[in-house]
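S.K.: A single structure is presented below for examination.
The values are calculated or read from the model by the stated rules, or taken from the named source; none is laboratory data. Please read all numbers here as calculations on a predicted model, not as lab measurements. Glycine gets a Cβ as well: all are built from the backbone with ideal geometry, and neighbour counts include every protein chain shown. Ligands, DNA and RNA are stripped out before the accessible areas are found, and what is left, the full protein with its side chains, is counted by its heavy atoms. Shrake-Rupley method; radii C 1.70, N 1.55, O 1.52, S 1.80 Å.
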Amino acid sequence: MYLYFFKDKFCKDAYLPIEERAVNFGDGVYEVVLSYYNKPFKLDEHLNRLFYSASNIFLKIPYSKEEIENIVYEGIRILNIDYVKIYVQVSRGSYERMHEFPPNEVESNFFIIFRLFKPIEESIRFNGVKLFTYPDIRWERCDIKSLNLLPNVLAKEYSKRKGGFEALFIKNSKITECASSSFFAFIDDKLITHPLTNEILAGITRNEVLNIAKSLNFEVIERPIYVYELERIEECFITGTTTEILPVKSIDNFNYKVGERTLKIYRVFKERIL
Ligand code: PLP
């Protein structure tokens with residue numbers, strides 16, 4: 001169950017040339033949006049972040065925000081299934097390989113993949129998942145959702161081989177975020193997450209969770225959590241568009257319980273997406 005949008009039309013088959021900057025350099029940006037029952041969750045925020053990422057690498061998006069919104073709604077309508085994962089990618093176009101930007105007349109390549117999404121089983125969610133720490137070897141602009149994901153790929157594979165669900169990036173003894181999700185922990189009854197800097201992606205789910213936590217009167221602190229604090233974590237969880245809110249049962253050799261505060265935030269989140 002899938003559908004593409006490429007070169008101004010919906011199709012089931014699409015190809016990029018091998019001399020393409022996304023292929024040769026990872027020279028582009030992307031977004032992942034989830035649609036629940038024909039409603040793309042926080043689409044406006046995702047598109048704002050897409051335009052933010054693109055402008056920070058001087059990349060022109062060939063459609064306006066409104067045009068992309070209309071394409072997304074049309075794709076969801078055509079596919080007509082409950083949960084759709086929507087992947088949007090823009091690259092600096094197809095041209096003979098050169099590091100500098102290609103000539104101005106080379107157009108960006110824009111495409112969207114709409115695909116059936118299978119939600120994480122509730123039994124996995126309520127059991128919690130395992131994380132394994134991995135050195136944060138990414139670049140200094142993690143606020144840009146760029147196509148360059150090699151460190152994330154290596155980190156996730158490392159965790160998977162150890163039986164984990166996610167990798168937790170550690171930079172100078174502090175937790176930044178996960179390979180494809182944000183990280184939160186309750187310590188001393190306060191909900192803590194890394195502040196918005198160039199070292200993490202400004203997660204859309206992260207922002208929603210902060211709003212929910214405040215509405216539930218949890219004390220929220222945006223500061224880095226250090227590795228030496230792992231033993232003091234009372235409960236922790238990861239967040240992301242496709243993971244939503246996912247309790248963590250262990251980080252390396254530290255074990256945690258799936259806590260009531262995390263589940264409370266998850267329940268409010270569920271109400272908001274549906
Ligand atoms: N951090 C990283 C590195 C990510 O790749 C993602 C999502 O893909 C997130 C955090 C979570 O962001 P969001 O909640 O907007 O999906």
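S.K.: Using modelled amide H (1.01 Å from N, peptide plane; none on Pro or chain starts), what sits under 5 Å from the amide H of C178, excluding residues fewer than 5 places away?
M.R.: Those lying under 5 Å, H to H, from C178 are F169, F183.
S.K.: Could you list the GluC sites (Glu not before Pro) in the range 1-61 that lie in coil according to DSSP, counting only those with at most 16 other Cβ atoms within 10 Å of their Cβ?
M.R.: For GluC sites (Glu not before Pro) across the range 1-61 that sit outside H, G, I, E and B with at most 16 neighbouring Cβ atoms in 10 Å, the list reads E19.
S.K.: With a 1.4 Å probe and all protein chains left in place, how much accessible area per residue does the chain have, in Å²?
M.R.: Ligands and nucleic acids excluded, the result is 49 Å² per residue.
S.K.: Between E271 and V227, what FRET efficiency comes out of the Förster formula 1/(1 + (r/R0)^6) with R0 = 35 Å and r the beta carbon distance, rounded to 0.05?
M.R.: 0.50
S.K.: Size of the dipole of the range 2-116 about the Cα centre, Lys and Arg at +1 and Asp and Glu at -1 on the beta carbon, nothing else charged, in debye to 20?
M.R.: Computed charge dipole of the range 2-116: roughly 360 debye.
S.K.: Another one. Where the centre of each part is set by its Cα atoms, how far does the range 185-229 sit from the range 115-166, in angstrom?
M.R.: Comparing the Cα centres of the range 185-229 and the range 115-166, I get a distance of 18 Å.
S.K.: Moving on to the next point. Taking amide hydrogens as modeled 1.01 Å from N in the peptide plane, which residues meet the under 5 Å criterion relative to G26, leaving out close sequence neighbours?
M.R.: Answer set, sorted by chain and number: none.
S.K.: Still on this structure: Can you compute the radius of gyration and Dmax for the chain, using only the Cα atoms, both in Å?
M.R.: My reading of the Cα-based Rg and Dmax gives 19.2, 56 Å.
S.K.: In debye to the nearest 20, how big a dipole does the chain give about its Cα centre with +1 on each Lys and Arg Cβ and -1 on each Asp and Glu Cβ?
M.R.: Here the chain has a charge dipole of around 600 debye.
S.K.: Pick out, from N80, Y36, Y158, the residue whose Cα sits farthest towards the positive end of the charge dipole of the range 17-168, with +1 on the Cβ of Lys and Arg and -1 on the Cβ of Asp and Glu.
M.R.: Y158
S.K.: Choose one of I57, N255, N172: the residue whose Cα lies farthest towards the positive end of the charge dipole of the chain (beta-carbon charges +1 Lys, Arg; -1 Asp, Glu; about the Cα centre).
M.R.: N255
S.K.: What's the angle, to the nearest 10 degrees (0 to 90), between helix 43-56's Cα axis and the longest principal axis of the chain?
M.R.: Helix 43-56 sits roughly 70 degrees off the main axis of the chain.
S.K.: I've got another one for you. Say R0 is 41 Å: what FRET efficiency, to the nearest 0.05, do R261 and N104 get from their beta-carbon distance?
M.R.: Once the sixth-power term is evaluated, E becomes 0.20.
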